[in-house]
Structures are given as structure tokens and as C-alpha cells.
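For reference, the structure discussed in these notes is given below.
The values are calculated or read from the model by the stated rules, or taken from the named source; none is laboratory data. Since the structure is predicted, the reported quantities are computational estimates derived from the model, not experimental observations. FYI the Cβ positions are ideal-geometry reconstructions off the backbone, even for glycines, and counts take in every protein chain you see.
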Amino acid sequence: MSRIFQILNKIARNRPLQHGLFWVFSFYLLARLFAYADEITKVGVIYTFLFHLPLLLAVYVNLGWLIPHFLRSKKYVVYVLLLIGSMFLSAGFNLLIFNHLCDILFPGYYFIAYYSFWEIMQFVAAYIVISSLIKLSKTWFKYREIQDQLQRLETEKTAAELSALKSQVNPHFLFNSLNNLYSLALDQDQRTPGIILRLSQTMRYLLYESNADFVPLAKEVEHLHNFVEMQRLRVGERASISFEVQGEVGEKQVAPLLFLPLVENGFKHGIKGDTAGAFIKIHLQITDNQLVFKTENNKGTVDEVVKDNESGGVGLENLRRRLKLLYPGKHHLEITDGIATFTVVLKIELA
């Protein structure tokens, strides 16, 4: 079907070829119609040629003048009146040719008008309808081509923007992680090797496994679990950290790195210094057609959560833009900035 569409599209774009095929096919059909015997004779060829002259007049008056100047300008009444007038003119021209002009043009042959005025009008009407449909189909093919080009451009633009947004996540994450490692290394903390190991596993996922548009949800959950455990090693007993997954992961797919900014944001802005009662709760609920991801954390001694983007991080604005591109009309992001806690709930409808 695609191959047929390509051939038709190529014909529609080649105007001389299109017109040539139309009139060759028309000439053959009428020559067969007018033939007295099984074979097409010279007389039949001449008669068919003369019969086509009024048809050519009607068709090209319609295509070249009436449609561009009146139909496309939505002057429908004027168009119909002029079209009927051109049909009458064409039918009259046919009678003029076979009753008078053919004796002058071909004196050695005896031609007469075999069809009445109204029968000729039917021929003219048929040719006008067919040629108009071909004209409209050509316009439709052009419209389809333009639409396909616009769709490709939009897809390329979306892919480029998504790639740019996703590329911001990796350096943002690495920058924060290296800052944490630097602090631990200065203190010669024994947790440093374990965090480096977790960091290498996380970076492997970021660099090699998250480049696809969608990844298995199981991989994304594993990546989040690894990140949470890395933070647990860093924080130790100073904070309460929980990560719960409810429901079956199965074969579900999700865009990569959507949840990481929310989790990272909670650790960065909630668990600070020696804040008493510091906590972060992470909960993922999975149903057949929806994901609900929730993070809740204390706001720390200095609240910078909503200022994350202003301080140079990727933050929530990056997430909003990615969700808009990846899940248009199929997501809901709710942020609750309380007095002591900061809560984010992200709902995503699955295909």
C-alpha cells in the first residue's frame, strides 16, 4: 500500500506526466468507443482527435481559470454559473466542428455529429468531474506531503529538546554526588568506597542504559534503589529513609530519569546537617494503567526547594518540560510546599 501511495504521489507531483497519461488514456477509450470494428482505424483516430478538442477546452478553462479564480476564492455561485456556461460552449463547439469545420479541415472525409447536444453535455460533464477530482487529489497529496514534513520537523524538534533536557540530568547528578564524596573524603570517612561503588553503578545506568526514549520500569526502579542506598550510606543514622514499591512492575515501560530529580531534590534540600527528625519517604504505586510516584521530605534548616532552578540545578522546571513532551495530557504533577515538609506527587498514565 505504501508503494502504491509513493507511485501516486510521484505522478501527482509531475504535472506534464499526469496530464499526458490522462489524455492518452482518454484518447484510447474514446477511440475504442467510436470504432466500427475491432481495430481502431485512421478515420476513428481523426474522429477521436476532433471530439477531444471541445473537451480540452472545457477541462482547461475549468482547471486553469475557474477553479483558481472562483472556486478557491469561495465564489461558488459565480463558479457554477461560469462552469455551466463553459460546458454549453464546449458542447456547441463540438457540434460546430462536426457539422461545419471538419469538412474544411479534412475535406476527404465525411464526418457528422453522432451525438446530440445533451449527450455531448454528458461527455463534457464527465470530463470536468474526473479532471477536477484529479486536481483535488493532487492538492491532497501536496497537503499530505506538507503535513508529513511538519510532523517530521516537530518530531525532530521534540527529540532534540528531550535530548537536551535529559543531558542536563547527568551532569547535575554527578556534580551533587562528587560534592558529597568530596566532603566524605576530607573526613576520611569509611563509607567513601561503598558510595563510589554505588556511584559507578548509577553512572553506568545513566550513560549506557537510559539513552532510549523508554526503558523497562524495573530498570528505573533498580536505578532509584541504587541511588537511595548510596544516599543511605552517606547519611547514616542521621535521617529516616524509606523507599517502597507497591504493585507489579511487570513489563511496563517508562521514560528514563523522570523520578531521579524528585528523589535527589528531597535529599538535597531535606536532609541537611544535623537536623533533628530529618526524613525522606519515597513511594511508587503501580497499577495496570497508571504510575503514582510520591516523595515527601522535611524542608531542612534552609529551604531551597523551590529555588532549585535559580541556583543552577536542573530541578522541577526541567521535569515539567520533559513531562509535557513525553506525556502530553497524560500526567499530573502536584507540589505541596508545607511549613515543615515538601511533597511532590507525580501521576503518569501508561499506554
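For the reader, a short list of remarks on this structure follows.
- Residues of segment 207-219 include at least one that is of a type in the set (A, V, I, L, M), touching a Lys or Arg at 6+ places or on another chain (Cβ under 9 Å) and either closer than 26 Å to Asp337 by Cα or at pLDDT 75 or above (or both).
- Scanning segment 77-133 for residues that are crowded, with 18+ Cβ neighbours inside 10 Å and either small (Gly, Ala, Ser) or touching a residue at least 60 places away in the same chain (Cβ under 8 Å) (or both) turns up Ser86, Ser90, Ala91, Phe111, Ile120, Phe123, Val124, Tyr127, Ile128, Ser131.
- The criterion of at least 1 residues that are crowded, with 22+ Cβ neighbours inside 10 Å and modelled with pLDDT of 80 or more is met by the following strands (runs of 3 or more DSSP E) wholly inside segment 253-351: 279-286, 290-298, 341-349.
- From the options Val245, Val228, Val249, residue that is at pLDDT 75 or above, surrounded by fewer than 20 Cβ atoms within 10 Å (Cβ to Cβ), assigned to a loop (DSSP other than H, G, I, E, B) and aliphatic (A, V, I, L, M): Val249
- Taking each residue of segment 199-214 that is in the same structural domain as Leu260 (by TED's automatic domain parsing) and under 19 Å from Leu323 (Cβ atoms) and looking for partners that are surrounded by fewer than 11 Cβ atoms within 10 Å (Cβ to Cβ) and at pLDDT 70 or above with beta-carbon atoms closer than 7 Å, six or more apart or interchain, yields nothing.
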